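Visitor: After the C-alpha cells below, expect a handful of questions from me.
The values are calculated or read from the model by the stated rules, or taken from the named source; none is laboratory data. Everything numeric in this text was worked out from a predicted model, so none of it was measured. Note that each Cβ is placed from the backbone with ideal geometry, even for glycine, and that neighbours are counted across all protein chains shown.
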Amino acid sequence: MSNIEENSDKKKLIDSEKKTSKDKEINENILSPKHLNKNILNDSKDVINNKKIILNTPVNITVELGASKIKIKDFLSFSKGSMLILDKPIKDPLDIFINGHLIASGEIVVLEKKYGLRITSIKKSLKTINILS
C-alpha cells in the first residue's frame, strides 16, 4: 500500500525512490505528443473564452471636469442658478476613468445636441493591453 515508515522520532518518512518513479511515469504520459497537443488546444480555447469574457465585461466610464472643496452648509444653500467653481482651467484635458482608474485624457465636443469626448491621450499601460488583444 503506502511506502511510509516511522523513524525513531515517530515521524513519517516517504520512500522517495518509489514516489519519484511514479512521478516520472505521470510526467512522461502528460508530456507525450498526443497529450501535449490536446493540452495546447484546450489552453488556447480557455484563453480565447477568457478573452471574450473580459472584452465583453461592462465598465463604468467617468469623465472628471474638475473638483471643488466646500462646506456642507454652503452646498445646502445652493439653489437653482447657483454656480460651483471647479479647479480645472478650460484648456486642461479632462481625466477619463474606467471603474475609478485613470486611463486617458480628452476634451469635450458637441455632436448634434449631445456632449461627446474626443480622446487626446491614453495611458501607456492601456496601449500595451490593446496591442495584446
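Visitor: For residue 25, which of the numbered conditions (1) modelled with pLDDT of 70 or more; (2) charged (D, E, K, R); (3) not in a strand (DSSP E or B) fails to hold?
Guide: For residue 25, the exception is condition (1).
Visitor: Would you mention how many residues in the range 46-78 are under 30 Å from residue 116 (Cβ atoms) and of a type outside the set (A, V, I, L, M)?
Guide: So the count comes out to 13.
Visitor: Please indicate, with yes or no, whether at least one residue in the range 70-88 is surrounded by 12 or more Cβ atoms within 10 Å (Cβ to Cβ) and touching a residue at least 40 places away in the same chain (Cβ under 8 Å).
Guide: Within the range 70-88, not a single residue is surrounded by 12 or more Cβ atoms within 10 Å (Cβ to Cβ) and touching a residue at least 40 places away in the same chain (Cβ under 8 Å).
Okay, residues lined up against (1) of a type in the set (Val, Ile, Thr); (2) part of a strand (DSSP E or B); (3) modelled with pLDDT under 95; (4) over 26 Å from the mean Cα position of the chain (by Cα):
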residue: 67; (1), (2), (3), (4): no, no, yes, yes
residue: 74; (1), (2), (3), (4): no, no, yes, yes
residue: 86; (1), (2), (3), (4): no, no, yes, yes
residue: 89; (1), (2), (3), (4): no, no, yes, yes
residue: 92; (1), (2), (3), (4): no, no, yes, yes
residue: 96; (1), (2), (3), (4): yes, yes, yes, no
residue: 104; (1), (2), (3), (4): no, yes, yes, no
